[in-house]
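Everything on this sheet refers to the single structure shown next.
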Amino acid sequence: MRRLVVILALIGFFSLVQAENLSDSDTLIVYNSSDSIVVIGNRIATSVRNLAYSYQTISGELVQRLSSHSALELIDLSFPSAFVLENKVLGYGVGSDGAGILNLRGIGGKPNTGVLVLLNGHPDFMGIFGHPLPDVYGNQDIERVEVLAGPSSTVFGDHAQGGVVNLVTEPQFNYLARLHFEIGSFGTQVYSFSLQKQINKNGLFFTLRRQKSDGHVAQTRFESWHVQGGWQRQLNKTWQLTVQGRYVPYQFDDPARGLRDTLNIGAYAKIQRGTAEISLKNRSQRLQGAFQLYTNLGHHEFYDGFKSNDYSYGFSVYQLLQYSAKLSLATGLDVIYYGGKAKNDFSFLPNGKLVVNPEAHHLTSAGIYGVAFYTPLPQFTVKAGLRYQYNSLPLNQLSPFAGISYTMASGFNLYLNYQTGFRTPTLMELYLFPSANDQLKNEQVQSVEVGSSFRYSNSGHLRLAFFRNRLTDLIQALPNPTPPPLVQFVNGPKSNQWGAEVQLVQQLLPGLTLQLAYAYLDPDELTAYNPKQQYKFLFNFEKGDFYANVYGKYVKKLFAANQNHLPLPDYKVFNLQAGVKLNKFDLYLRVLNAFDEDYKTRPDLVAPGRQLRAGVSVRL
């Protein structure tokens, strides 16, 4: 591995020497203009040079090219401190033995309740357990993925402790239909069909996707359907209306169930999820924003007899006003009503009572925020904001934010910010199991970050960031001094974390771009799936109709539990891909875990070995 690091360092040095001889801009995920305007999470807009954030976008083209089943794979590959747990060929699953854990800068959780996932700007989570379900998102119809690292509750509210991931979907009206077929190792099959048509001011779109895998070992199979469709209408130059929804039934197995199958469903779990949204967007010279209505519904069944139904219904409105050349103001209001009920008629406590509380529970949460961006001098910008959050528990919260950014020279920017985040206890932690505690308080985090962004040429970009997190009132299941129950959810100890991120994007030659990333993290006692060091790389080569990619990562000091429990061996994964575009056809061959690395991301389950995937896409 040391040889690899040395080689990559030499390549980076060579690229710096050659940078001035190259004029084409990079083709990955860094803006090629020092003053581009970006809209973050569909809610606030600012210029790149005035960003007081660690913010990154991943194009939909890159998501579809490199991911095998989910857009989250590209977050794990691209963002330095991101860690996404994968342990199967396809799918993440849910439950204590599921994957799909997403941690940013040491915050996320098992399952992830500390990184907020947005779907087109609105929160997406399971109403009872409070975590997103990444198997619902897939990797098609993705226009871009936005990653905002660090506490972000001032603008985005609950769950945004470690950061925000926004999945933006958008139909591609530049072609009528697309067929996609992929086959691979372990019985992997992926088929999809998408249709989109723009008629005057109206646009209709529809996607049907089927994917399945037998799994790399016994009881790791996965299969799902993904149905998505909608209607888009440009009402006038200012207003656009979009109505869309998706339905995703899927099932997956896991060796953790052994031979037990109380419900006789033949798998670890069967899940049905549905989402719908109505969005009215406005964009004029000085004012832009959106009004949204959305819902998320689900039905879950598990092998041990657990069943649940959950729901969330939300409304949000946010607007950004360019008041003057020096001042812009962002404000928003969001309301969400969520809840559900669960049962398990086969699981009892020693006293004969049911383990799962079968009563229905729900919560209402509402927040309002305001953020101001002021640029007294062209090189200097000040930002500040505040959110007030109400919750019917009641648990009310203030979440402030402040930051400054300074452009020292052309392409060289410095920033400093103070950010806060919080997480309301989930219904599971409050009511569902014997370990529940209805007296829990909000988790809270305060973070300070200093960073810089340096575009040293038209072909190279370097980003550095240093951060420190202070987490309080962490919700943890700890031994109960007065049992029963034996363990209980409590607001536990504090945690102090710090870390650093480095990311380099460099065009080595025309058509050949390299992205390198490194992250160091001291997670304190929150060691579960927060590796101490991560090295990531991505080579992207394009010439004419041919393209090729080499990408992977090296992970050090990984644990499957907090407090340094359940250590896992260091591992490295290399992936290869090559493809060619022939008229309307796109043919590719992908090799995942190309060196057949024997590693684990879960103590009781070996990760998949080498996989071959071959696919073809046809655009009509």
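The table below gives the values:
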quantity: Residue in region 350-407 that is farthest from Tyr456 (Cα to Cα), counting only those that are among the small types (Gly, Ala, Ser) and outside any strand (DSSP E or B); calculated: Gly352
quantity: Residue in region 196-213 that is out of contact with any Pro (no Cβ under 6 Å at 6 or more places or on another chain), closer than 30 Å to Ile475 by Cα and outside any strand (DSSP E or B) present; calculated: no
quantity: Residue in region 302-314 that is over 25 Å from Asn357 (Cα atoms) and assigned to a strand (DSSP E or B) present; calculated: yes
quantity: Segments classed as strands (runs of 3 or more DSSP E), wholly inside region 483-542, with at least 2 members that are open to solvent by 30 Å² or more (accessible area, probe 1.4 Å), within 23 Å of Ser435 (Cβ to Cβ) and not hydroxyl-bearing (Ser, Thr, Tyr); calculated: 487-491
quantity: Residues of region 271-308 satisfying the condition of being among the hydroxyl-bearing types (Ser, Thr, Tyr) and out of contact with any Ser or Thr (no Cβ under 9 Å at 6 or more places or on another chain); calculated: Ser308
quantity: Residue check for Ser23: among the polar types (S, T, N, Q), open to solvent by 20 Å² or more (accessible area, probe 1.4 Å), part of a loop (DSSP other than H, G, I, E, B) and modelled with pLDDT of 60 or more; calculated: no
quantity: Arg260 being at pLDDT 95 or above and either surrounded by fewer than 16 Cβ atoms within 10 Å (Cβ to Cβ) or in contact with a helix residue (DSSP H, G or I) (Cβ under 9 Å, 6 or more places away or on another chain) (or both); calculated: no
quantity: Selection from region 543-561 of residues that are of a type outside the set (D, E, K, R), touching a Ser or Thr at 6+ places or on another chain (Cβ under 9 Å) and either crowded, with 17+ Cβ neighbours inside 10 Å or at positive phi (or both); calculated: Val555, Leu558, Phe559, Ala560
quantity: Criterion: over 30 Å from Pro255 (Cβ atoms) and small (Gly, Ala, Ser) - qualifying residue of Ser185, Ser194; calculated: Ser194
quantity: Complete set of residues in region 214-226 that are open to solvent by less than 50 Å² (accessible area, probe 1.4 Å) and closer than 20 Å to Tyr247 by Cα; calculated: Phe222, Glu223, Ser224, His226
quantity: Residue identified as modelled with pLDDT of 90 or more, surrounded by fewer than 24 Cβ atoms within 10 Å (Cβ to Cβ) and outside any strand (DSSP E or B) among Leu28, Leu90, Leu77; calculated: Leu77
quantity: Selection from region 132-143 of residues that are part of a loop (DSSP other than H, G, I, E, B) and touching a residue at least 60 places away in the same chain (Cβ under 8 Å); calculated: Leu133, Tyr137, Gly138, Asn139, Gln140, Asp141
quantity: Cβ-Cβ under 6 Å pairs, at least 6 apart or on other chains, region 471-495 side within 18 Å of Leu430 (Cβ to Cβ), far side of a type in the set (Phe, Trp, Tyr); calculated: Ile475/Phe489; Ala477/Phe489
quantity: Top-ranked residue of region 462-474 - restricted to ones that are assigned to a strand (DSSP E or B), open to solvent by 20 Å² or more (accessible area, probe 1.4 Å) and not basic (Lys, Arg), ranked as nearest to Leu516 (Cα to Cα); calculated: Leu462
quantity: Scan of region 214-238 for residues that are under 30 Å from Lys88 (Cα atoms) and not in a strand (DSSP E or B), ordered by number; calculated: Asp214, Gly215, His216, Val217, Ala218, Gln219, Thr220, Arg221
quantity: Qualifying positions in region 189-209 - closer than 30 Å to Lys600 by Cβ and either exposed (fewer than 14 other Cβ atoms within 10 Å of the Cβ) or among the hydrophobic types (A, V, I, L, M, F, W, C) (or both); calculated: Val190
quantity: Residue in region 354-371 that is in contact with a strand residue (DSSP E or B) (Cβ under 9 Å, 6 or more places away or on another chain), free of Cβ contacts under 8 Å to residues at least 24 places away in the same chain and either open to solvent by less than 40 Å² (accessible area, probe 1.4 Å) or of a type in the set (Val, Ile, Thr) (or both) present; calculated: no
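Matching residues to (1) in a loop (DSSP other than H, G, I, E, B); (2) under 12 Å from the mean Cα position of the chain (by Cα):
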{"residue": "Pro111", "(1), (2)": "yes, no"}
{"residue": "Leu116", "(1), (2)": "no, yes"}
{"residue": "Met126", "(1), (2)": "yes, no"}
{"residue": "Glu146", "(1), (2)": "no, yes"}
{"residue": "Thr154", "(1), (2)": "no, no"}
{"residue": "Val168", "(1), (2)": "no, yes"}
{"residue": "Phe173", "(1), (2)": "yes, no"}
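Residues are listed down the side, and each one gets a yes or a no for (1) at pLDDT 95 or above; (2) touching a Leu at 6+ places or on another chain (Cβ under 7 Å); (3) among the β-branched types (Val, Ile, Thr):
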site: Phe537; (1), (2), (3): yes, yes, no
site: Phe541; (1), (2), (3): yes, yes, no
site: Leu568; (1), (2), (3): yes, yes, no
site: Val573; (1), (2), (3): yes, no, yes
site: Ala578; (1), (2), (3): yes, yes, no
site: Glu597; (1), (2), (3): yes, no, no
site: Leu612; (1), (2), (3): yes, no, no
site: Val618; (1), (2), (3): yes, yes, yes
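The values are calculated or read from the model by the stated rules, or taken from the named source; none is laboratory data. From a predicted model like this one, the values you see are computed outputs, not experimental measurements. When we count neighbours, we look across all protein chains shown, and the Cβ atoms used for this are built from the backbone with ideal geometry, even at glycine. Calculation scope for accessible area: heavy atoms of the full protein, side chains included, ligands and nucleic acids excluded. Shrake-Rupley method; radii C 1.70, N 1.55, O 1.52, S 1.80 Å.
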